[in-house]
Amino acid sequence: WARIPVIGIWFQLRAWSSLFYFLVPCFAISLATFVWVVAMGSLAIGTLPIIIGLPLAVFLLGSVRAICLAEGKVVEFFLGTRMPHRVQPVQVLTPVGGVAEVGFWQRVGCWLSDVRSWLSLAWSLGKFFVATGLFCMFVALGALVLMMVGVPLAQSAGLTAIQVDGDMSEVQFLWERITPDADGHVRISALTS
């Protein structure tokens, strides 16, 4: 079934897992990351004139790198696509040929000078708007599809989903009577009775 050109996509597990990823984890992770970056970023920038702002900025960069790495694992799980894992080395080779541990301050310096830290920060901010747009589009299109499939099925089952009486002075839509007022405007109540 999956090889049929047009309807084969309905039978592919990867398509359904991708749709679920963009609806739930992608939106949730991007929302949480956006709130985290905006809250911590504004706190770090606001306290930068005093000493505590710089450690908060370094903490924000480190946390964003970790969040992007974790999000890569989520993408690998749901989409089946390998994401690059660019973590900083914990050990480096010394000129003598030995192995030395990378210190905390060296790692902080790497975070500040590495372009991936700043790209991770920009990704965390920009992805929120893309994920929100995708979420809204999927929900709106999903509701439209359910409506387009549900109304004919309801009518074939004998339920009246849309009914127009004679002179079109009264319309029944989704089991609610809609009657135009004197000006011909139709108002649909928010709560159906």
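Cβ-Cβ distances below 6 Å connect the following pairs, each with a first residue in region 70-85 that is under 18 Å from L23 (Cβ atoms), a second residue that is of a type in the set (V, I, T) and modelled with pLDDT of 85 or more, and a separation of six or more residues or different chains: E71/I29.
Every listed requirement among (1) within 17 Å of the chain's Cα centre (by Cα); (2) farther than 27 Å from L19 by Cα is met by W36 save one, (2). Return yes or no: is W36 surrounded by 13 or more Cβ atoms within 10 Å (Cβ to Cβ), of a type in the set (F, W, Y) and outside any loop (DSSP other than H, G, I, E, B)? So W36 fits the description; yes.
Among the residues making up region 28-75, a single one is over 15 Å from L119 (Cα atoms), hydroxyl-bearing (S, T, Y) and touching a Leu at 6+ places or on another chain (Cβ under 9 Å): T47.
Against the criterion of being more than 11 Å from the chain's Cα centre (by Cα), of a type outside the set (A, V, I, L, M, F, W, C) and part of a helix (DSSP H, G or I), P5 does not qualify. Cβ separations smaller than 6 Å between residues 6+ apart or across chains give the following pairs from region 121-144 residues that are closer than 21 Å to M40 by Cβ to residues that are surrounded by 11 or more Cβ atoms within 10 Å (Cβ to Cβ) and of a type outside the set (S, T, N, Q): L121/V64; S124/V37; S124/V64; L125/V37; F128/F34; A131/C26; A131/F27.
This table checks each residue for (1) more than 30 Å from V37 (Cα to Cα); (2) modelled with pLDDT of 80 or more; (3) open to solvent by less than 70 Å² (accessible area, probe 1.4 Å); (4) outside any helix (DSSP H, G or I).
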{"site": "T132", "(1), (2), (3), (4)": "no, yes, yes, no"}
{"site": "V139", "(1), (2), (3), (4)": "no, yes, no, no"}
{"site": "L144", "(1), (2), (3), (4)": "yes, yes, no, no"}
{"site": "M148", "(1), (2), (3), (4)": "yes, yes, no, no"}
{"site": "A154", "(1), (2), (3), (4)": "yes, no, yes, no"}
{"site": "T160", "(1), (2), (3), (4)": "yes, no, yes, yes"}
{"site": "Q172", "(1), (2), (3), (4)": "yes, no, yes, yes"}
{"site": "D181", "(1), (2), (3), (4)": "yes, no, yes, yes"}
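Suppose we keep only residues that are surrounded by 14 or more Cβ atoms within 10 Å (Cβ to Cβ) and basic (K, R) within region 79-121. Which one would you say is modelled with the highest pLDDT? So the residue we want is R116.
The values are calculated or read from the model by the stated rules, or taken from the named source; none is laboratory data. Owing to the predicted nature of the structure, the values given are computational and were not obtained by experimental measurement. Cβ: placed from backbone, ideal geometry, glycine included. Neighbour counts: every protein chain shown. Surface areas here come from the heavy atoms of the whole protein model, side chains and all, with no ligands, DNA or RNA. Shrake-Rupley method; radii C 1.70, N 1.55, O 1.52, S 1.80 Å.
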